[in-house]
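The values are calculated or read from the model by the stated rules, or taken from the named source; none is laboratory data. These numbers were taken from a predicted model, which means no experiment stands behind them. Heads up, the Cβs are rebuilt from the backbone with ideal geometry, glycines too, and the neighbour counts pull from every protein chain shown.
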Amino acid sequence: MISMTVIFGTVFVLESVYSLDRQAIAHSVNVIARAPGIRFLNDEGRFVDGTVVLYLAHPQLSFADCYHSALSLEFCDGEIYTYDRDFSRISGVTRFEP
């Protein structure tokens, strides 16, 4: 059993230590998420696909930011409170400043 924080850490290492591009990282995340025996805590795995799509489409956003955007789209009609203006670029996401 893993949580999305494991995926966040994995993405960080693949970016910062191994300097992989987003395409390779997205592929790696998908391999991990679909590996036999892998289960996500609290069914978080259902957000992997949406997070990866946003991660590939928005290079200015971190993987964690893409995950938060996917959650916002699922649970909050796309509304998100953040100072990060890059969120405004995501279709369907409405950014509000706190």
**OP:** With respect to residue 23, determine if the residue is loosely packed, with under 12 Cβ neighbours inside 10 Å and farther than 22 Å from residue 82 by Cβ.
**Re:** yes
**OP:** Considering only the stretch 57-81, state which residues are under 22 Å from residue 3 (Cβ atoms), in contact with a helix residue (DSSP H, G or I) (Cβ under 9 Å, 6 or more places away or on another chain) and of a type outside the set (Gly, Ala, Ser).
**Re:** 61, 63, 65, 66, 67, 68, 71, 73, 74, 80
Original post:
helices (runs of 4 or more DSSP H) wholly in the stretch 9-93 with at least 2 residues that are charged (D, E, K, R) - which ones?
Top reply: 63-75
Original post:
How about the stretch 51-62: which of its residues are crowded, with 16+ Cβ neighbours inside 10 Å and either more than 11 Å from the chain's Cα centre (by Cα) or not hydroxyl-bearing (Ser, Thr, Tyr) (or both)?
Top reply: 52, 54, 58, 61
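Listed here are the residues, each with its yes/no results for (1) among the aliphatic types (A, V, I, L, M); (2) in contact (Cβ under 8 Å) with a residue 24 or more places away in the chain.
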position	(1), (2)
4	yes, yes
11	yes, yes
24	yes, no
37	no, no
42	no, yes
49	no, no
53	yes, no
Subject >> Of all residues in the stretch 63-98 being free of Cβ contacts under 8 Å to residues at least 24 places away in the same chain and closer than 24 Å to residue 27 by Cβ, the one that is surrounded by the fewest Cβ atoms within 10 Å (Cβ to Cβ) >> reply: 91
Original post:
Taking the stretch 65-98 as the region of interest, how many residues are closer than 19 Å to residue 20 by Cα and at pLDDT below 95?
Top reply: 0
